[in-house]
Amino acid sequence: MTNRIEFIRDLAEEAAALALKLRREQGDDFVQAKGHQDFVTFADRAVEELIRAKIAEQFPGEDVLGEEEGQTGDGPKLWVVDPIDGTANYMRGGADWAVSIAYVENGVLSHAAICAPELDVTIWAETGQGAKVHHDGKVSTVKLSTCDDPRAAMLMLGWSGRQLVSSHVKTIENALAAGMEYRRNGSAVISLLAVAMGRAEGYWERYVNAWDVFAMWLILEEAGAVIETLPPLEFIGSPKHFLAMVPALEGDLRKVVGTLPPVD
């Protein structure tokens, strides 16, 4: 019987290594446009194919939802995969990208891992077992920021074209008025990783896809973060809002974000 958490952690690292290799070897047709500022690379598809093949080999009959190839079925055991979150960063040679893999059973997130190879991070979690991170040559327990002063806090922001520009700007205005700093780096996984690594105190995106947040959702919950969104099965199928917060600043961050669920 394959140990699921070891499998998902090792698979995230193997997939990330493939993505690095493919970027080094890229040809002229490596990048294609899916839409306005929405790109896919040969590596996105190849990495997802690898992940799907490995899951089918070790856990036959279990379904997969991937960003590039969609969902294979609606059974009770579902893997949710983003082969490369932060493709726009990855294709430009940036470091802010990651492979993200989560496992959901009967509507409950139970196992997750992400690998951000150029940030030297693999991070994983299993329900009830806490969250662990391999970074700088050692494995340690994930510890959130202990900051309790909004004037010293950092809010990571996501952006979707589905959102009104005015509402995005309003969030920035609210954050600055509260004394917070903010950042947007083009990757939900990397933004959420900043919260897990204690480098930020919150993350907010009004419309984000399941494959962008499911793995870090479990990791952050196991580390003690507060998550505000919809249950996993309600999340699948269309983008939803997602707010992650360190407990000490929950009230401040809710004020910055405003009324939930959001209305645009």
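Normalised by the number of residues in the stretch 56-130, the mean separation of alpha-carbon contacts (under 8 Å, six or more apart) gives a relative contact order of 20 percent. Once you divide the Cα radius of gyration of the stretch 136-252 by 2.2 N^0.38 Å, the number left is 1.03. Gain on full extension, evaluated as 0.36 nm per residue between ARG199 and GLU118 minus their Cα-Cα distance, stands at 27.5 nm.
Nearest 10 degrees, 0 to 90: what angle lies between the long axis of helix 4-24 and the longest principal axis of the chain (Cα atoms)? Roughly 90 degrees between the two axes.
Expressed in units of 2.2 N^0.38 Å, where N is the residue count, the Cα radius of gyration of the stretch 44-127 is 1.11.
Here LYS77 is the anchor, and the lysines within straight C-alpha reach of less than 26 Å, apart from those fewer than 8 places off in the same chain, are LYS54, LYS132, LYS240. By the helix-only formula, in which each DSSP H run with n ≥ 4 contributes -39500 (n - 2.57) and the sum is divided by residues, the chain has a 222 nm mean residue ellipticity of -10500 deg cm²/dmol.
So in the chain, what percent of DSSP beta bridges are antiparallel if you round to the nearest 5?
Numbers: 43 of 53 bridges.
Of the beta bridges lying entirely in the chain, close to 80 percent run antiparallel.
Just to be sure I understand, if you calculate Rg/Rh (Cα atoms, Kirkwood Rh) for this structure, which of (1) 0.95; (2) 1.01; (3) 0.99 do you get? Only one option fits the structure, namely (1). Applying a DSSP loop filter and a limit of 12 other Cβ atoms within 10 Å to the GluC sites (Glu not before Pro) in the stretch 217-264 leaves nothing.
Sort 212-219, 82-89, 53-60 by packing, meaning the average of other beta carbons within 10 Å per residue, with the highest value first. Mind showing how you got there, number by number?
Working: 212-219: 28.0, 82-89: 25.6, 53-60: 13.6.
The densest-packed peptide leads the list: 212-219, 82-89, 53-60.
Available extension along the chain between LYS21 and GLN58 is 10.9 nm, counting 0.36 nm per residue and deducting the alpha carbon span. Could you state the angle between the C-alpha long axis of helix 165-177 and the longest principal axis of the C-alpha atoms of the chain, as a value from 0 to 90 degrees rounded to the nearest 10? Between the helix axis and the principal axis of the chain, the angle is about 60 degrees.
Where a number appears in this text, it was derived from the coordinates with a stated rule and is not lab data. Computed from a predicted structure; not experimentally measured. Virtual Cβ from ideal backbone geometry, glycine too; neighbours counted across all protein chains shown.
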